[in-house]
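Okay, structure first, notes after.
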Amino acid sequence: MASALETLCGQAYGAQQFDKLGAYTYSAMISLILVCIPISILWVYIDKLLMLLGQDPLVSAQAHKFSVWLIPTLFPYAILQLIVRYLLSQSLIFPMLWSSVVVLVLHVPICWALVFRLKFGIAGAALAIGISYTLNVVLLVVYLYRSKACEKTRAMRLKDVFSSIKEFHCFAIPSAVMICLEWWSYEIVVLLSGLLPNTQLETSVLSICLTIDNFHYLIPYSFGVAASTRVSNELGAGNPEAAKMALFAVSTLGALEVIIASAILFCSRSVLGYAFSDEKKVVNYVKDMTPLLCFTIFVDTIQTILSGVARGSGWQGIGAYINLGSYYLVGIPMAIVLGFVCHLKGKGLWSGLTIGIVTQCILLTLVTCLTNWQKQASKARERMFKEELLDEER
């Protein structure tokens, strides 16, 4: 839901409607804090839900323990995501960089102390995450209220905040659907692996593949965020050609990065599994999965950048439909067929997911190529100057 600010704050900053950035951000904070409440309730009963889905009771119990201790993290995490989008829309990158470095340096010893020294185990890991997110929020809030760079954009009128909630939700709901449909598909594949024979091996290897993919995902995601920021700023400023140029520049950088990353991953396939396990079966299985994982990472990078362009342009609704069709009409059904019917097990599940990503990538590419950038710029300007136009009509 926080991704809605990539459209609203980015276009408002490009249009130099600085007061709107504060209104959008505060309205988003109210909305997301309320959303955290039902999620917290769901996490309290997550073990029962997982067992209802046929998962191992011991694994479900550990997931429940971790989730309950993670509930206090939800609220600072929601605020952090909004502050990050607020700062990104203004290209204020270095405050976030330095706060993240400070938090990371502190997170490692805090996590070690809670998990091993105080012997909190998995609960300590969840608690360490919460402490780190809270500290990150505190550092960024201090910067936000002391920095002259945010002086114009942090202003707030209570009337504007409440009137912006509806506009925020118009983008937040399709943004959430677009992103969640994609992310949940990965989790569904891991859950499906729990229904395969030799559950521990299959689940372990697919979890490792997911971890590697997520670890790399942060790089193309940062490119996607850069694309979202530049595209939204330029559309808000009424510069469609500059928006197209930003898309081309980010796509080139993304292509170079994913080629290097895939090559490194493929060359290290024989030892990659040892980063997660010393069991020979797991290491060999990861080695067999690595070529497929490299291809997944390649197409995932393309779609991640194009998804960033979608958020910056404001066509999250189209992106939601694309993700629904790609993953739930193509990807997940293919994963079930290949994994269970064709007896390819974990490799089949991951192959089906990859087919879904390829479908998503093709559809996003088509939509991006067919986008009328001049029209998108006009829509952005209308959105940002709607109140002024209404005043003129009166």
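The values are calculated or read from the model by the stated rules, or taken from the named source; none is laboratory data. Quick caveat: nothing in here was measured; it's all calculated off a predicted structure. Here the Cβ positions follow ideal geometry from the backbone for every residue, glycine too, while neighbour counts run over all protein chains shown.
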By residue number, the members of the stretch 37-62 that are surrounded by 18 or more Cβ atoms within 10 Å (Cβ to Cβ) and under 30 Å from GLY308 (Cα atoms) are TRP43
Here the qualifying pairs (Cβ atoms under 8 Å; residues six or more apart or on different chains; first in the stretch 46-71 and in contact (Cβ under 8 Å) with a residue 24 or more places away in the chain and outside the structural domain of THR134 (by TED's automatic domain parsing); second crowded, with 16+ Cβ neighbours inside 10 Å and assigned to a loop (DSSP other than H, G, I, E, B)) come out as none
VAL141: passes all of (1) in a helix (DSSP H, G or I); (2) buried (at least 16 other Cβ atoms within 10 Å of the Cβ); (3) touching a residue at least 40 places away in the same chain (Cβ under 8 Å) but (2)
Subset of the stretch 82-105, residues buried (at least 19 other Cβ atoms within 10 Å of the Cβ) and within 27 Å of GLY121 (Cα to Cα), comes to SER99, VAL103
Filtering the stretch 1-52 for residues that are in a helix (DSSP H, G or I) and in contact with a Gly (Cβ under 7 Å, 6 or more places away or on another chain) leaves a count of 7
So the helices (runs of 4 or more DSSP H) completely within the stretch 304-394 holding 1 or more residues that are at pLDDT 90 or above and more than 30 Å from ALA15 (Cβ to Cβ) are 332-336, 345-370
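For ILE362, are the conditions met, namely being surrounded by fewer than 22 Cβ atoms within 10 Å (Cβ to Cβ) and within 25 Å of the chain's Cα centre (by Cα)? Even if it seems obvious, please write down each step before you answer.
Working: surrounded by fewer than 22 Cβ atoms within 10 Å (Cβ to Cβ): yes; within 25 Å of the chain's Cα centre (by Cα): yes.
It is true that ILE362 is surrounded by fewer than 22 Cβ atoms within 10 Å (Cβ to Cβ) and within 25 Å of the chain's Cα centre (by Cα).
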Residues in the stretch 188-203 that are more than 19 Å from the chain's Cα centre (by Cα), assigned to a helix (DSSP H, G or I) and surrounded by fewer than 21 Cβ atoms within 10 Å (Cβ to Cβ) total 4
